[in-house]
Amino acid sequence: MKRTRAVPPPAAAFVPTSVRCLRLPADGTKPQFVQRETVYVNADKLADCFLYHVPDMRMFWNAPEPGQSLWHLRTLRRVDVTGQPNATVDGHYYFFRCCHEQLPRNPYFPKTSGVKGDVFVVKAATAGGWTEHADYVDVPVDLLEDKNGRISLKLMMTALTS
């Protein structure tokens, strides 16, 4: 069987989409939903380039030094959720964070986790990528507004740091 290499879609074919993300702020304020437009990232050659586009979180990841961005230090981890009492919570989630030691520790994660700065949770319609743009769907409000959703979010956060 001959293996073929996936050819990424060209940047010219990219159309930004708007998606509701969950922001876990490092300043300790309440988690909140934010609407973000996606930006093309395949050319960045970072861990998330296989998705081809990700929500634009640059405004939240400013360096301690004025005028600098930590966007190039972003990383992600996928957490898959199935069999939850609230089926709207089931799905594929990407946790995006920025790795920079000068960012404040994120109080929503254990001190020993080393998670710093704002963390963003994004839901994908499928676990795809590689050959086509990721298909994002809005993070369900039940992650914050429903007791079982909050429990699921805690479990996802534990999986992120384990």
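Based on the alpha-carbon gyration tensor of the range 101-162 and its eigenvalue square roots a ≥ b ≥ c, which shape applies: rounded if a/c is under 1.5, prolate if not and a/b is larger than b/c, or oblate? Could the numbers behind the result be given before it?
Numbers: a/c = 2.25, a/b = 1.32, b/c = 1.70.
In terms of gyration-tensor shape, oblate.
Leaving out ligands and nucleic acids, note down the accessible area per residue over the range 51-105 with a 1.4 angstrom probe, in whole Å².
Working: 2760 Å² over 55 residues.
Ligands and nucleic acids excluded, the result is 50 Å² per residue.
What are the ³J(HN,Hα) values, in whole Hz, obtained from phi via the Karplus relation 6.51 cos²θ - 1.76 cosθ + 1.60 with θ = phi - 60°, for each residue of the range 44-51 in sequence order, with x given for Gly and Pro?
Running phi through 6.51 cos²θ - 1.76 cosθ + 1.60 with θ = phi - 60° gives 5, 6, 9, 4, 9, 5, 5, 7 Hz.
Run down the lysines and flag those whose C-alpha is under 25 Å from the C-alpha of K123, throwing out any fewer than 8 positions away in its chain.
The qualifying lysines are K30, K45, K147, K154.
At a threshold of 8 angstrom on Cα-Cα distance, excluding pairs fewer than six apart, so keeping six or more, what relative contact order does the range 17-99 reach in percent? Mind showing how you got there, number by number?
Values: 124 pairs, mean separation 15.4, N = 83.
Reported as a whole number, the value is 19 percent.
Among 72-80, 114-122, what's the highest-first ranking by average C-beta atoms within 10 angstrom per residue?
Going by the mean number of other Cβ atoms within 10 Å, highest first, we get 114-122, 72-80.
Could you grab the relative contact order for the range 93-162? Cα pairs under 8 Å, six or more apart, rounded to a whole percent. Numbers along the way, then the final one.
Working: 79 pairs, mean separation 18.8, N = 70.
About 27 percent, as a whole number.
Excluding D44 itself, what net charge comes from residues whose Cβ is under 14 Å from its Cβ, given Lys and Arg +1 and Asp and Glu -1? Please list the in-between numbers first.
On the way: positive: K45, R58, R74; negative: D48, D56.
Here the count lands on +1.
Could you work out how much longer the chain between Q35 and E101 gets when fully extended? Use 0.36 nm per residue separation minus the Cα distance between them, nm to one decimal.
Separation in residues times 0.36 nm, less the Cα-Cα distance, equals 21.1 nm.
Report relative contact order for the chain in percent, whole number only (criteria: Cα-Cα under 8 Å, sequence separation at least 6). Working shown, then result.
Working: 319 pairs, mean separation 38.8, N = 162.
Computed over the chain, the figure is 24 percent.
Determine the share of the chain's accessible area contributed by carbon and sulfur atoms, expressed in whole percent, with a 1.4 angstrom probe. Could the numbers behind the result be given before it?
Numbers: 4740 of 8890 Å².
That fraction is 53 percent.
Note down the net charge around F33, summing +1 for each Lys or Arg and -1 for each Asp or Glu among other residues with Cβ under 12 Å from its Cβ. Could you put the intermediate results ahead of the total?
Working: positive: R20, R23, K30, R36, K123; negative: D138, D142, E145.
After counting each charged neighbour, the total is +2.
The values are calculated or read from the model by the stated rules, or taken from the named source; none is laboratory data. Model, not experiment: these values are computed from the prediction. Glycine also receives a Cβ, built like all others from the backbone with ideal geometry; neighbour counts cover every protein chain displayed. Protein only, heavy atoms only, side chains kept; ligands, DNA and RNA dropped before computing areas. Shrake-Rupley method; radii C 1.70, N 1.55, O 1.52, S 1.80 Å.
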